[in-house]
Amino acid sequence: MILLLVREFDNTGKPAPKEGEFDRAWFRLANEETNQTIDYSLVRKIELPEDYQEAIPQEDENGEEAPPLRNDMTYVHGVLYLDNV
């Protein structure tokens, strides 16, 4: 079995992207030999879970507010199975 994953790069400390800069960002599954697209998805059309928080607030040992913890998200876009093993 092969899992196809999409993961976001950590842009912590870098300038925020401009509004609409990645509106057409997409990923695809392609046939390596023919370069034919088998499936694709626009990143902006992928729904986030209802309770998802990008940054999780946290406190240090002294009860003071610490920098928020980044809540990474990984999507499973597809699975390939090989029947003839």
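Nothing in this text is a laboratory measurement; each read-out follows from the coordinates by a stated rule. Quick caveat, the model's predicted, so the values are computed rather than measured. Virtual Cβ from ideal backbone geometry, glycine too; neighbours counted across all protein chains shown.
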At R0 = 41 Å the Cβ-Cβ FRET efficiency linking TRP26 and ASN84, nearest 0.05, sits at 0.85
Over the range 36-85, what relative contact order in percent results from Cα pairs under 8 Å that are six or more residues apart?
-> 24 percent
All-pairs Cα distance distribution in the range 17-57, expressed in whole percent, bin size 5 Å = 5, 17, 15, 18, 19, 12, 8, 5, 2, 0
Under-5 Å amide H pairs with MET73, H placed in peptide plane, nonlocal only = GLU8
Linear extension gain, LYS18 paired with TYR52, 0.36 nm per residue minus alpha-carbon span | 10.0 nm
A correct Stokes-Einstein calculation for the chain, using the alpha-carbon Kirkwood radius, 10 °C and 1.306 mPa s, returns a whole-number D in µm² s⁻¹ of 96 µm²/s
Relative contact order (%) - the chain, alpha-carbon pairs under 8 angstrom, separation at least six | 40 percent
